[in-house]
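Here the structure comes first, spelled out in structure tokens, and everything after it is commentary.
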């Protein structure tokens with residue numbers, strides 16, 4: 001079982017996350033600073049990207065009643081403000097109500113930018 005969605009990473013979304021999380025690192029919200037950095041552009045918060053896995057898990061698979069037990073996240077490539085990414089959750093193993101899920105974010109070039117594994121239980 002695999003579920004996915006596309007998400008446009010707007011400047012407004014990143015700024016809102018910065019306010020909610022308190023992470024005001026200039027690499028995320030200061031265009032001048034970001035342009036002069038090694039990235040050359042505003043970089044999306046890693047934890048904002050990780051939150052999209054939660055969206056898919058809660059809404060699509062395993063769905064409502066899902067409870068996160070753990071999540072590993074490896075940030076392979078930067079994801080830039082303005083990109084549209086594909087978020088993927090793929091079931092790799094299920095043991096009764098426990099799910100082990102591969103989690104990935106694919107950038108606009110088709111490259112894996114974020115990869116990880118989630119363990120989720122379904123509150124039945």
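The values are calculated or read from the model by the stated rules, or taken from the named source; none is laboratory data. For clarity, every value in this text was computed on a predicted model and none was experimentally measured. Cβ placement follows ideal geometry from the backbone for every residue including glycine, while neighbour counts extend to all protein chains displayed.
Filtering the range 91-99 for residues that are within 11 Å of the chain's Cα centre (by Cα) and in contact (Cβ under 8 Å) with a residue 24 or more places away in the chain leaves an empty set.
For the range 15-38, state whether one or more residues are surrounded by 13 or more Cβ atoms within 10 Å (Cβ to Cβ), closer than 18 Å to residue 119 by Cα and either in contact (Cβ under 8 Å) with a residue 12 or more places away in the chain or in contact with a helix residue (DSSP H, G or I) (Cβ under 9 Å, 6 or more places away or on another chain) (or both). No, the range 15-38 has no match at all. Scan the range 1-14 for residues that are out of contact with any strand residue (DSSP E or B) (no Cβ under 8 Å at 6 or more places or on another chain) and exposed (fewer than 15 other Cβ atoms within 10 Å of the Cβ) and the total you get is 3.
For the residues 82, 116, 110, 40, the requirement of being part of a loop (DSSP other than H, G, I, E, B) and more than 20 Å from residue 11 (Cβ to Cβ) singles out 110.
All of 76, 81, 114, 87 fail the test of being touching a helix residue (DSSP H, G or I) at 6+ places or on another chain (Cβ under 9 Å) and more than 17 Å from residue 5 (Cβ to Cβ), apart from 81. Within the option set 71, 95, being surrounded by fewer than 18 Cβ atoms within 10 Å (Cβ to Cβ), more than 16 Å from residue 11 (Cβ to Cβ) and touching a strand residue (DSSP E or B) at 6+ places or on another chain (Cβ under 6 Å) holds for one residue only, 71.
Looking only at residues of the range 43-79 that are part of a helix (DSSP H, G or I) and in contact (Cβ under 8 Å) with a residue 40 or more places away in the chain, we find that the one that is farthest from the chain's Cα centre (by Cα) is 57. Of the numbered conditions (1) within 18 Å of residue 120 (Cβ to Cβ); (2) assigned to a strand (DSSP E or B); (3) modelled with pLDDT of 95 or more, residue 94 fails exactly one; give the number of that condition. Only one criterion is unmet by residue 94, namely (3). Going through (1) farther than 16 Å from residue 2 by Cα; (2) crowded, with 16+ Cβ neighbours inside 10 Å one by one, residue 120 falls short only on (1).
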